Amino acid sequence: MPTPIPFSPLRTEIAGLSVEQLARQFGTPVYVYDATKIGERIADLRAFDKVRYAQKACSNLAILDLMRRQGVLVDAVSAGEIRRAMAAGYSIAGDPPPIAYTADIFDRESLELVVQQGIHVNCGSPDMIDQLGRLAPGRHITLRLNPGFGHGHSQKTNTGGEHSKHGIWHGELAECLRLADHHGLGISGLHMHIGSGTDLEHLAQVSGAMEKAAREVGRTLTSISAGGGLPIPYRQGETYVDLGAYFKLWDAMRKRLEDAFGHELILEIEPGRYLVAESGFLIAQICAIKRMGNNTFYLLDAGFNNLARPILYGAYHPMAIVPCGALGPKRAMHDVVVGGPLCESGDIFTQEAGGFVCTRSLPVAEVGEYLVIECAGAYGFVMGSNYNSKPLAAEVLISQGQPHLIRQRQTFEDIIAGESIPGD
Ligand code: LLP
């Protein structure tokens, strides 16, 4: 289990490179990822037979390429994500399949793609089984089950239980087996993912539910997936999940199933956040500092168009000031509200669930200095938008001590491309 690195309110470097220089070279707002950190997180999970990266967390081609080179398989939730995996060099054929499409629906594009390309499908609804079975009978599929309970860091990231739209309801498994059988689809694996940013207590319950379901399916199974959901420490004092204990639990259950089935079962894990969250930093510039009654606001050039987690979930991200201005390296601390440039009051990085603005103790800073939002690699850039006609940020990957621009900042022309004014 890794030891959490203490967060500091001042930061001068990322992966050995000067933040100030990165900001000057690539502009702000910019996402910077540390490849070494991703490698370390992959290594933490090596007890599992296969790690499948939930690319929705951060799907830049360079990140996918890095995962692929380190033997990590990939999950895709849309035609676009399947195409990304292919563009990053993932092959289609393999056992277990390098790319798996996990979803609750097929739209026209994704159905066409999985049928034509032979992409593995992890079905999250009876309709998916039926629709795939009609067009591609005889294939092997896996089933994503909703075990009837779930848990996440927010109600919005809980993917189990009857209020969730995700997965095949556990009570409908027998019916789905019949449906698959009707189409000649073989069930080669089961998958459960109860939520994102959950805890060991809830994750542990999943293995029990998996064992029960796997016994119901029987010996056609060759793999089981524990899904994702592993939390990371976002706040000082938070720790990692005991991965050793987590693996043991799943491994013991897998062995009982192997004894019952008389053959080996591959145990997969499917994290997104765990692999990339801590590798990512959003560097923004402080453009204005103002007082509103008793509050001091640091207003940045990054907003919820760049990082939506605070406005969506009241998510907490560590922050640090880059002391590059005239005030020098020693700074007094004070409580500030940190906000962005958007024309919307909710554009605040220091807020709690429900939209309640709160303050953060940060060093005194001046306009023109930089602020780094940390642990932003997962669900950061990928949830960005063009709200207020702001361009998507640039992305930089630091690998072997070198910064690589892995996505150019969008231009205004990129933003309006595809729009047109009807002629008369
Ligand atoms: N597998 C499936 C089927 C999933 O739906 C997800 C996440 C994962 C794996 C990866 O979960 P992770 O290991 O990252 O917890 N935008 C939210 C998180 C949404 C997660 C959606 N599904 C956030 O910023 O916290």
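Within the range 64-203, the proportion of Cα pairs with more than 24 Å between them is 33 percent.
Step through the table entries K37/K390; K156/K212; K37/K290; K56/K290; K37/K330, compare each Cα-Cα distance with 31 Å, and write down the pairs that go over it. Violating the 31 Å Cα-Cα cut-off are K37/K290; K56/K290. Footprinting exposure proxy ranking of K248, K37, fewest other C-beta atoms within 10 angstrom first, gives K248, K37. Separation of the range 239-280 from the range 1-61 is 23 Å, based on Cα centroids.
Footprinting exposure proxy ranking of I321, I415, I82, fewest other C-beta atoms within 10 angstrom first, gives I415, I82, I321. Only loop residues by DSSP count here, and only those with at most 16 other Cβ atoms within 10 Å; note down the GluC sites (Glu not before Pro) in the range 238-340 that meet that. For GluC sites (Glu not before Pro) across the range 238-340 that sit outside H, G, I, E and B with at most 16 neighbouring Cβ atoms in 10 Å, the list reads E238, E264. Translational diffusion coefficient of the range 166-312 (Stokes-Einstein, Kirkwood radius from Cα pairs, 10 °C, 1.306 mPa s): 85 µm²/s. Taking one quarter of the surface of the C-alpha convex hull of the range 268-330 gives a mean projected area of 6.7 nm². Just grab the label-to-label distance for T411 and D130, each label 7 Å out from Cα along the Cβ direction, in nm (one decimal). My value for the distance between the label points is 4.9 nm. The equivalent ellipsoid that matches the C-alpha gyration tensor of the range 239-285 spans semi-axes of 35, 12, 4 angstrom, in descending order.
Each Cα pair of the range 304-395 feeds into the Kirkwood radius, which the Stokes-Einstein equation turns, at 4 °C and 1.567 mPa s, into a diffusion coefficient of 92 µm²/s.
Each of H183, H166, H404, H120 was scored by other Cβ atoms within 10 Å of its Cβ. Arranged with the fewest first, they read H404, H183, H166, H120. Beyond 24 Å, what percent of the Cα pairs of the range 1-130 remain? In whole percent, the share of Cα-Cα pairs in the range 1-130 beyond 24 Å is 42.
Convex hull volume per residue, computed on the Cα atoms of the chain, equals 161 Å³.
From the Kirkwood radius over Cα pairs of the range 88-128, Stokes-Einstein at 37 °C and 0.692 mPa s returns a whole-number translational diffusion coefficient of 306 µm²/s.
Each value in this text was obtained by applying a stated rule to the coordinates, not by laboratory testing. Everything numeric in this text was worked out from a predicted model, so none of it was measured. Here the Cβ is made from the backbone with ideal geometry for all residues, glycine too, and neighbour counts use every protein chain on show.
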